[in-house]
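Everything below concerns the one structure shown next.
The values are calculated or read from the model by the stated rules, or taken from the named source; none is laboratory data. All values reported here derive from a predicted model rather than from experimental measurement. All Cβ positions, glycine included, derive from the backbone under ideal geometry; neighbour counts span all protein chains shown.
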Amino acid sequence: MTGPAGGPGRTVIIDNVYIAPVAGPEIESGYIRIEGDRIAALGAGRAPEPGGPGVQRIDGTGCLATPGLVNTHHHLYQWASQGLAQDATLFEWLVASYQVWAAMDAEVVKGAAAAGLGYLALSGCTLSSDHHYVFPSGRGDLFAAEIEAARELGIRFHPARGSMDRGHSQGGLPPDVVVEDRETILAATAEAIDAYHDPSFSSKLRIAVAPCSPFSVTAELMTGAAELARAKGVRLHTHLAESLDEDEHCVEAFGVRPVDYMEKLGWLGSDVWFAHTVHLSDGDIDKLAATGTGAAHCPSSNGRLGAGIARVSEMLRRGANVGIGVDGNASSELTTLAGEMRQALLFQRAAYGPTALTARQALEMATLGGARNLGRENELGSLEPGKLADLALWRVDGSFASAVTDPVCQLVFATRQPPLARLLVGGETVVEDDELRTVDQDASGRAGAEAHRRLMRLAREQGFSVAKEVHR
Ligand SMILES: [Zn+2]
């Protein structure tokens, strides 16, 4: 399997491959034909057209084809602040991290995003969202920096312009130094949408509006953000019901629990997805299901912070949409997106028994569930004719792995993900044989390490003591 694939007007045929389309039955040995950036056809057996000049063939022997994975919650800048406050609760970890994040600049964000997005692509991700909510003033264009990194890599990107306006002096958790005022936030968010949002079918860049959380944002910003997003036709995102501390905070400050608070603010709807949703009652789940509000399940991050685990199997049973997210690397460390399918599966089974979640449900959450969260279920998230050719080819015939006859089992249950033979985004190769092909992979890794060193140096210059913050 060599040479570039895809491109406008080109035809790519993947032959002799096991296909798990997510929508529709699996095909043990079949073909996928790609025309330009879309899937033109797929089926059992050999591709009907023999091909010809200008047609590129990819031998899929020994491979499993799945839709590209969709990451529905992340904070890319956190690549630069991994390993801090390792034994802390969410609130303790945030309080420690805010001081570091206050020092970031555009150069830190660019390097962190190059590493974080490259790492995602290497675990099968073709579309990632990001939630950037810390904008220290005078530090360059942080939002533009991450968009540039995604463009260079070539994966689809849905960055959310995040925000915090409720600092410590107003009863919020973050120090006042990392919050902005409401007018500045709404103006900057509108500007980001106008500058970047592409609503087209093939879009590689869409913007969402994402005030950070109930404990760092005022009710006025929440409602202002919802009005802005709906006026512009973009999606809404925030953290919700992540920890019991948040639950208590909402009851104390607003007199209601998190989902009821969102309902009061007009924040339930099919244009909204929440990160985490760990602490939900049956009634809360029913409200999400009835309104089409989505959830991004981030099991490693929830586990790392000891926050609890979302009732994903019950959410699916009650008809709520659930996607997967790796969450920022500062709370999930080096978590891969493919690995989060396994984490989701095992946490549900540990809590609720062996039938709580199947490997195929985990794969569906990581693909079509994610596409629904991001409003793109008509365009991607499953392998179907007419959809975008975003797909991963996993090599499942390795010497140890070949004893496993079910390739989906191998992908979801294994601790180590199968080698990624190809990652196509709109038919174009981004990864081949476990290597990034659109950018220099080693340089991306180095950029992430340099972003970490730079952020720590900038934080120390502002009086932050790194050594004290590793364990607390
Ligand atoms: Zn988060």
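Observations on the structure shown:
- Looking across the range 418-469, just one residue is assigned to a loop (DSSP other than H, G, I, E, B), among the hydrophobic types (A, V, I, L, M, F, W, C) and out of contact with any Asp or Glu (no Cβ under 8 Å at 6 or more places or on another chain), and that is PHE464.
- Contacts under 8 angstrom Cβ, first residue in the range 198-212 being polar (S, T, N, Q), partner in a strand (DSSP E or B) and modelled with pLDDT of 95 or more, 6 or more apart: SER202/LEU388; SER203/ARG156
- The residues on offer are GLU35, GLU26, GLU92, and the sole one that is over 22 Å from the mean Cα position of the chain (by Cα), within 16 Å of the ligand (Cβ to nearest atom) and surrounded by fewer than 23 Cβ atoms within 10 Å (Cβ to Cβ) is GLU92.
- When the range 45-75 is limited to residues that are more than 18 Å from GLY339 (Cβ to Cβ) and not in a loop (DSSP other than H, G, I, E, B), the one that is nearest to the ligand (Cβ to nearest atom) turns out to be ALA65.
- Scanning the range 131-152 for residues that are in contact with a strand residue (DSSP E or B) (Cβ under 7 Å, 6 or more places away or on another chain) and under 27 Å from GLY381 (Cα atoms) yields a count of 7.
- If you filter the range 269-318 down to residues that are over 20 Å from PRO211 (Cβ atoms) and basic (Lys, Arg), you find that the one that is surrounded by the most Cβ atoms within 10 Å (Cβ to Cβ) is ARG311.
- The helices (runs of 4 or more DSSP H) located wholly in the range 262-376 that include 1 or more residues which are within 16 Å of the ligand (Cβ to nearest atom) occupy 299-304, 329-332, 337-352, 370-373.
- Filter result for VAL209 (under 30 Å from LEU424 (Cα atoms), within 16 Å of the ligand (Cβ to nearest atom) and not acidic (Asp, Glu)): yes
- Residue within the range 76-85 that is among the polar types (S, T, N, Q), part of a helix (DSSP H, G or I) and surrounded by fewer than 24 Cβ atoms within 10 Å (Cβ to Cβ) present: no
- Just one residue in the set GLY111, GLY118 is touching a Ser or Thr at 6+ places or on another chain (Cβ under 8 Å) and assigned to a helix (DSSP H, G or I); that residue is GLY118.
- Cβ-Cβ contacts under 7 Å between residues 6 or more apart (or on different chains), taken from a first residue in the range 60-73 that is more than 20 Å from ALA23 (Cβ to Cβ) to a second residue that is among the small types (Gly, Ala, Ser) and assigned to a loop (DSSP other than H, G, I, E, B), are listed as HIS73/GLY325.
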